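The values are calculated or read from the model by the stated rules, or taken from the named source; none is laboratory data. Just so it is clear, the model here is predicted, and its values are computed rather than measured. Here Cβ is always computed from backbone atoms with ideal geometry, including for glycine, and neighbour counts include all displayed protein chains.
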Amino acid sequence: MTVEARTLAGGCPLWLIHRPGPAILSAKLWLRGGSSGDRPGERGAAQLLAGVLSRGCGPFSGDALADLVEGLGAGLRCDASEDGTLISLKCASDDAPQLLPLLLQLVRRPWLVDDQIDLERQLNLQTLQRQKEDPFQLAHDQLRQQLYGQGPYGHDPLGVEPELQQLGREALERQAAALGQAGAVLVLAGEIPEAVEELLLGGQEGGAWATVPPQRQAGPGGSSGDHFAASQDETEQLVLMLGTSTVPMGSAQALALRLLHCHLGIGMSSRLFVALREEHGLAYDVGVHYPARLGAAPFVFHLSSSSERAEEATSELLREWQRLLEQPLSPEELELALAKFRGQEALGRQTCSQLADRHALVLGHGLPFDFADRCLEQAAELTPGQLQAVAQELLGAPCLSLCGPAAAIASAERVWQRRQLR
Amino acid sequence: MKLSSQPEPALPIQPLPPPLPDPQRQSLSNGVELVQLHLPQAPVLCLDFWCRAGSALERQEESGLAHFLEHMVFKGSTTLAAGEFDRRVEALGGNSNAATGFDDVHYHVLIPPPAAAEALELLLDLVLQPRLDGDDFAMERQVVLEELAQSEDQPEEVAFQELLRQACPDHPYGLPILGRREALEAHRPELMAAFHASHYRADSCCLAIAGPLHELDLLQRLEDSALARLPAGGSPWTPRPLALQAGACTLELPRLEAARLLMAWQLPAAAHQDAVVGVDLLTTLLAEGRRSRLVQRLREELRLVESIDLDLNVLEAGSLVLLEAVCDPAHLDRVQSEVQRVWNELMDTPPAEAELERAKRLVGNGYRFGLEAAGSVAGLVGNSSLWGRRHNLQAPLDWMDRWDCARLSRELIPLLDPQLGFSLRAVPA
């Protein structure tokens, strides 16, 4: 595997990860700016735009584009997340010459046809509605409100229903014109064709695409909302999410949190799995949610337990959080967490798509290409005391979000109140 | 529209470049099959133990036992304390998991190559001699009951379970893999031990390994392992043939936000590999991508659904194709009649060459992309070896080339007649 760093005319960094063998090519174009950049009153715009991008660009109508891509058995997706918009292409490497020119055309020459915007908007509205069937989604949406309020991270990237309903071509055109202006990076992994830059720039009009590499900068923060929130639902289980907003990927404390994540939530030997599932049989699904973010990333414990065990589940979950603040990891626990961290890295580098995806994410956050390798080295230097200090500094005041039957919520709330008084 | 759409010219399907090595097959002296596939570039190795012990072989009082046993296996063995397996595998940088299906169960470990030999020993000790301690059993039963409660809180899963119950009456595919609650509450460790002893036998198991194999002398190691000590049994179990029941019903479900049309059809069983590939092509032609028949008609043109999917579940007693359309309850009737209409049109006129070529590209690439990761390769060769199908990795692509539009029309499209399937309409209560 060899790696080349180049720059496309106009300024977009191009990273080539040569990985001959499976004759596959994966391309990831990361554009800074996702749902956290949605304007007030236009929440859902970034995802709506992402969905419409593949519905026609350059010389291709939506149908022609789908015929080309699907006809070659390839995959092309555009998705907005909180911090970025990601365009992903995966194809047989022989087909790359026909498909690579699409990437920049999607960004620079999208059609944005009213009829296709209507369809995509309708689909997103329906998805938002259907998601409410899932009690985990409800608890998660509620926690997002508690942690981020009306801030940039405060809504589902799909949007907010009344605002999404209003979104039309004008807003999308404004948004499309800004695509990549805050930073863009393109990563290709696999068997890469000759003269790849010419292919990428094929079909461009109006000269080079002027953009900049994604810079390191502070993303959106958290906002302190209610520490307790509950929504009633006639389910069998109570869903519990306990979490807080923390720090951006790449910040000094983030690596300590990543190790705590490994300790608490990765694998069947993880602390939460053992304590809550193996020792108490309280849940099937239990874990930690700690996604990479440009701003204040959420750090969340989650579990779902039968309603009649709400009190015990709440006590045990709070106990585990408290343990993190009061008790340093043992040397054995730290060593196991490090082994998992290294293992996760190896497991995350198996396919061309994984390689391209991980590097695009890192580079999109304005971090160096070898960021993951550096983290592996730095992680080995961290001590249990340092991890505990980070936990005490960042995890001191978590919020609890519940979804389930009224009686279970009441039991859980009693446990929560006792803890507040202590 | 600036340009009319122009279908791509049909291109020949390419072979797998470069050809993947053939699986190497060996047998232990007790008859357990070992299948290995060398992937020199892979950063991790996958060890995958397969056994013909899925939920379909449970007797009535054993409901949920195959899956519950899969949970209990991780609670330790005669040589490993509870949790020791996970801790040791994860300390080696690996991870493990397991899955129970209707037909079979498998336990797999992903591990960095230098630790593979140790992980293999741990895996076999764990799976083949479970401890089934009484206290652990009671605790793990709680976990399984939580798993059941969690799935019952997802109305979509409830709807699918009901579809299978009605479409496969008198067949184990109609019963929940997780089991019935009352049966789970009544299970005892002795029953589980007997289940393990009678089904985890040499003739019913196979071990698949994919990844960089150079430094492993596995056969030698395996001859001294728990796997080599497994007793051989009589003839291996196979599930009895499925006879799907056509029909229709409507189900009112609390907490449902969008209506569902679910449909099930019976297609050829896994053993008919060439036909299964044909069904894969047909379901892709119908519902994979914007230009597939159903997606284009129901989502893109008529805009009746949020999504429409057609999943092929390849099973030993008869495969199942499951359709799911998500829509506004007010659109259910039209969705149903449009599905019927799409099928009628295909019956009247065979699909176009370009449609089939598109499907072949999608299926072929999907298959090739899946071969990149050691875990999926081990799963593929492990599952097919378990059921006595000993082809190489190129074979499915060759079978695909035997299908043309006329043959699809003749042999498979008639099987998707909505009148032959079971339709369930789920609406918000």
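In table form, for the structure just shown:
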item	result
Flag for B:LEU386 being surrounded by fewer than 20 Cβ atoms within 10 Å (Cβ to Cβ), on the phi < 0 side of the Ramachandran plot and in contact (Cβ under 8 Å) with a residue 12 or more places away in the chain	no
Residue among B:LEU213, B:LEU132, B:LEU184, B:LEU163 that is over 16 Å from B:VAL105 (Cα atoms), part of a loop (DSSP other than H, G, I, E, B) and at pLDDT 95 or above	B:LEU132
Unique match (being surrounded by fewer than 18 Cβ atoms within 10 Å (Cβ to Cβ), of a type in the set (A, V, I, L, M) and not in a helix (DSSP H, G or I)) among B:LEU420, B:LEU393, B:LEU415, B:LEU424	B:LEU420
Count - residues of region A:295-329 that are touching a strand residue (DSSP E or B) at 6+ places or on another chain (Cβ under 8 Å) and either more than 14 Å from every other protein chain (Cβ to nearest Cβ) or of a type in the set (A, V, I, L, M, F, W, C) (or both)	14
Residue satisfying all of: in region A:266-300; out of contact with any Pro (no Cβ under 8 Å at 6 or more places or on another chain) and in a strand (DSSP E or B); farthest from A:ASP83 (Cα to Cα) among these	A:VAL286
Selected residue (criterion: surrounded by the most Cβ atoms within 10 Å (Cβ to Cβ)) from residues of region B:341-378 that are among the hydrophobic types (A, V, I, L, M, F, W, C) and touching a Ser or Thr at 6+ places or on another chain (Cβ under 6 Å)	B:ALA359
Helices (runs of 4 or more DSSP H) contained entirely in region A:38-143, each with at least 1 residues that are closer than 24 Å to B:LEU298 by Cα and touching a residue at least 24 places away in the same chain (Cβ under 8 Å)	A:45-53, A:62-71, A:114-131
Residue match in region B:381-389 (condition: within 14 Å of chain A (Cβ to nearest Cβ) and touching a strand residue (DSSP E or B) at 6+ places or on another chain (Cβ under 9 Å))	no
A:ASP63 being on the phi < 0 side of the Ramachandran plot, more than 9 Å from chain B (Cβ to nearest Cβ) and of a type in the set (Asp, Glu)	no
Some residue of region B:17-29 being more than 28 Å from B:LYS360 (Cα to Cα), more than 14 Å from chain A (Cβ to nearest Cβ), crowded, with 17+ Cβ neighbours inside 10 Å and at pLDDT below 95	yes
Residue match in region B:133-155 (condition: more than 14 Å from chain A (Cβ to nearest Cβ) and among the hydrophobic types (A, V, I, L, M, F, W, C))	no
Candidate set: region B:269-293, residues that are away from every other protein chain (no Cβ under 14 Å) and free of Cβ contacts under 8 Å to residues at least 60 places away in the same chain; chosen: the one farthest from B:GLU357 (Cα to Cα)	B:ALA269
Qualifying residue in region B:160-173 (condition: under 26 Å from A:GLY348 (Cα atoms), without any contact (Cβ under 8 Å) to a residue 60 or more places away in the chain and in contact with a Gly (Cβ under 7 Å, 6 or more places away or on another chain))	no
Among the residues listed as B:LEU332, B:LEU362, the single one being on the phi < 0 side of the Ramachandran plot and in contact with a helix residue (DSSP H, G or I) (Cβ under 8 Å, 6 or more places away or on another chain)	B:LEU362
All positions within region A:350-370 that are over 17 Å from the mean Cα position of the chain (by Cα) and either surrounded by fewer than 18 Cβ atoms within 10 Å (Cβ to Cβ) or on the phi > 0 side of the Ramachandran plot (or both)	A:PRO368, A:PHE369, A:ASP370
Subset of region A:40-60 that is at positive phi and more than 21 Å from the chain's Cα centre (by Cα) - its residue that is farthest from the other protein chains (Cβ to nearest Cβ)	A:GLY41
Candidate set: region B:97-113, residues that are within 12 Å of another protein chain (Cβ to nearest Cβ) and free of Cβ contacts under 8 Å to residues at least 40 places away in the same chain; chosen: the one farthest from A:ARG342 (Cα to Cα)	B:ALA98
Answer from A:ARG309, A:ARG293, A:ARG319 - the residue that is of a type in the set (Lys, Arg), in the same structural domain as A:GLU234 (by TED's automatic domain parsing), more than 30 Å from A:GLY37 (Cα to Cα) and in contact with an Asp or Glu (Cβ under 9 Å, 6 or more places away or on another chain)	A:ARG309
Sole residue being touching a residue at least 12 places away in the same chain (Cβ under 8 Å), of a type in the set (Asp, Glu) and farther than 23 Å from B:GLU140 by Cα, chosen from B:GLU121, B:GLU61	B:GLU121
Every residue from region B:114-140 that is buried (at least 19 other Cβ atoms within 10 Å of the Cβ) and under 18 Å from A:ALA339 (Cα atoms)	B:ALA115, B:ALA116, B:ALA119, B:LEU122
Set B:PHE85, B:PHE102: member being in the same structural domain as B:PRO43 (by TED's automatic domain parsing), buried (at least 19 other Cβ atoms within 10 Å of the Cβ) and either part of a loop (DSSP other than H, G, I, E, B) or within 22 Å of the chain's Cα centre (by Cα) (or both)	B:PHE102
Qualifying residue in region B:187-208 (condition: out of contact with any strand residue (DSSP E or B) (no Cβ under 8 Å at 6 or more places or on another chain), aromatic (Phe, Trp, Tyr) and within 14 Å of chain A (Cβ to nearest Cβ))	no
Elements of type helices (runs of 4 or more DSSP H) contained in region A:330-422, each with 2 or more residues being within 14 Å of chain B (Cβ to nearest Cβ)	A:331-347, A:352-364, A:371-379
Residue check, B:LEU322 within 26 Å of B:GLU162 (Cβ to Cβ) and within 14 Å of chain A (Cβ to nearest Cβ)	no
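So that you can scan it fast, the table gives a plain yes or no per residue for (1) over 26 Å from the mean Cα position of the chain (by Cα); (2) within 18 Å of A:LEU89 (Cα to Cα):
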residue	(1), (2)
A:GLY190	no, yes
A:GLU197	yes, yes
A:TRP209	yes, no
A:PRO213	no, no
A:ALA218	no, no
A:GLY221	no, no
A:SER224	no, no
A:HIS227	no, no
